[in-house]
Each structure stands twice: as C-alpha cells, then as structure tokens.
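To keep things clear, I will list the structure first and then write my remarks on it.
The values are calculated or read from the model by the stated rules, or taken from the named source; none is laboratory data. Everything quoted here is computed from the prediction, not taken from an experiment. All Cβ positions, even for glycine, are placed from backbone atoms using ideal geometry, and neighbour counts span all protein chains on display. The accessibility values were calculated without ligands, DNA or RNA, using every heavy atom of the protein model including side chains. Shrake-Rupley method; radii C 1.70, N 1.55, O 1.52, S 1.80 Å.
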Amino acid sequence: MIIDCHGHFTTAPAQLATWRARQLAAVGTAGPDPAEPVITDDELRAAVEPHQLKLMDERGTDLTVFSPRASFMAHHLGDFAVSSAWSRICNDLVHRVSTLHPDRFAMGAMLPQSPGVDPATCLPELRRAVEELGAVSVNLNPDPSGGSWTAPPLTDRSWYPLYEALVEYDVPAMVHVSTSCNPAFHTTGAHYLNADTTAFMQLVQGDLFADFPTLRLVIPHGGGAVPYHWGRFRGLALALGRPDPETLLDNVLFDTCVYHQPGIDLLTRVIPSRSVLFAGEVIGAVRGVDPRTGHHFDDTRRYVDATPHLTDAQRAEVYAGNALRVFPRLAARIADRAAASAR
C-alpha cells in the first residue's frame, strides 16, 4: 500500500475562487452568503477524477491525505471571521471529496487562523473537522501573517490549546504556511521552504515534546533545508545546550516532497526511515516534466523506489507503515472499511 500524506485540493471548481474573491472584496461588511458556493457532487468528481485520481492511478498511489489548497488558506487576509467562514467552506468541500472517494482520499483540515488572534479560537473548527467531518490531520500555519512572522514560535505556550486538542484526538499536524504577501519571498520557492526550516529550528530551541510527548508534527517539502544542513543543526544544538536534533525525530517527521533523486537520496540517508513519510503534493506547485528525465518532477515514487538508502522493509514503512502509525485515525478508517468489505 502507498499512502501520500500531503495532497491539496488545488483543482477545486471555479465557484470556490469566485466566492473567495467576493468575500475579500466585502471585508468589513456581511459578505457573501456562506451557504454558497453551490458545487455539485458531479462537479467535485470532475475536479479530482481527471487530475489527482488519474495521477494516483498512474503512479500507484492508493490513498492521499487531502486538505484545502495551502496557498488559498491566506490567513493574513481579512480577520478571524473571514478566515473562519473560509476554512469552514474549504473543509466542507474536502470532506465531500473524501466521502465521494472514501478509499482514495482522507480529509486533512485547515484551521481558521488569523494574525494576532489567540490560536485557541481555532478549537471549534478543529473539533468540528475531526468529530463531524472525519479529519485525520490538520494543517497548522506557523506564520498566519503571510511572511511577516509576527506569530510567536511554535514552542510558545499560546499554541498549547491546539496541541492539547491534537493530543486528545491523537491527530498530527502538518506545519504548513500559506501564501506569502512579502515580495521578497516567493510563496512556494522560498516561503514554504523557509518556514519548514524555521519551524524545525524553533523545535530545536524549545522543549515542546517534554510537555506533549505524543504530539506529532509533519514538516513538509522534505523538511526544507533541514536534512541538507543536519550538521549545522547538530552543531547549533550543542552550542545552545540543547539535545541532539535526532531526539526530535520520534515526534517530528519529514515528507518526500523533494523533486529530484539526489534530494531523496540525501533525505533518506540523513533522516531515519521511521521519520520519513511518502508524499508527492499532487497536484502541487511543481507540475512540469523534468527535461533531463522525461518524468514529472513530482512523481516522487520513482525517487523513493530508486534510492539505495532504504531496505525493502524501510521502503514499506515510508510508503505506508509510518503513515498508519502517525495518522491513527487514518489507520482506523482503513481497518473499518476493510472489515465492512469483508462482511
């Protein structure tokens, strides 16, 4: 079995973007009706079947943890009320996709974060997403300001209400920023990777997992610069009197959204296989074909299959075993569906 832990609804029907534009144009007023946009099941099927599902079938991916489009979260736009309405609509759509294709998609939820607003305000939507919509994970934005980095580090106690809920539900969080509003930082080429690296360094500097020993955080995009600069992080931890970064790897995991063979080889050589989750971010920011190989950059299974740094047993862990351990609600969902099919 192959589980992609990192997929986004980047092909949502146009009505979603149209509603969002109307919402942002009306900030400060009542705004458009949250009962819109009206999107049929057939339109949702048409949004994923020739796109995500087609590529999953071609590349042999069985199931994707599917969340709202990361760049569309845009927590820096509007206020908490705007973000709350937007996250609810996006989460409902992803839930519907996971209901239409329950064997292929499992829901990941976005949170209604807003700059300067207490993270605890996200708890009602987090609880709704898990309890009512069946979310198996959430995306946690460490920088709701969109590139200004006004939020405290992830180790700050202001985040603790969210962590307490995640531990209560046994649900992991993917640490994933959204659109950059800073022209110095390209959203996917700089801001995403900077944030991945920044989040890990914050964890090196703090004691978060002493307070939450069962909390699990997934750092996407191969961990940004982390595996490449592992010696730097080890050296900094030593200089700061902190534990070796490897002690974080029971709680912190990295995905395989790295789009060339040398990158996957490095990731799987430096990071223990128990802390690596398969992902392709399909369909994400890098969609083209690599002219050097003739294959899509984001066809990450090719790289994981080819790396010499995994045994067959370790490869199986990366492809599914680790995900079933890190996403226990996903494991339970798969087991329940298998049991139902066997009756």
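Brief remarks follow.
- Segment 250-343 - percent relative contact order, Cα under 8 Å, separation 6 or more: 30
- Surface per residue (accessible, 1.4 Å probe) for the chain, Å²: 41
- Cα centroid separation - segment 48-94 against segment 293-328, whole Å: 23
- Computed from the C-beta positions of A30 and K54 and an R0 of 35 Å, the FRET efficiency is 0.30 to the nearest 0.05.
- Rel. contact order, % - alpha carbon contacts under 8 angstrom, at least six apart, the chain: 17
- Rounded to whole Å, sorted largest first: equivalent-ellipsoid semi-axes of segment 164-299, Cα gyration tensor: 26, 17, 16
- Accessible surface of segment 57-104 [probe 1.4 Å, protein heavy atoms]: carbon and sulfur percent: 51
- Note on segment 254-335: with neighbouring protein chains present and a 1.4 Å probe, carbon and sulfur make up 56 percent of its accessible heavy-atom surface.
- Entry for Cα Rg over 2.2 N^0.38 Å (calculated from the structure that is shown) out of (i) 1.14; (ii) 1.20; (iii) 0.95: (iii)
- Over the chain: helical MRE at 222 nm, DSSP H runs n ≥ 4 each giving -39500 (n - 2.57), nearest 500: -11500 deg cm²/dmol
- Taking N as the residue count of segment 96-173, its C-alpha radius of gyration divided by 2.2 N^0.38 Å amounts to 1.16.
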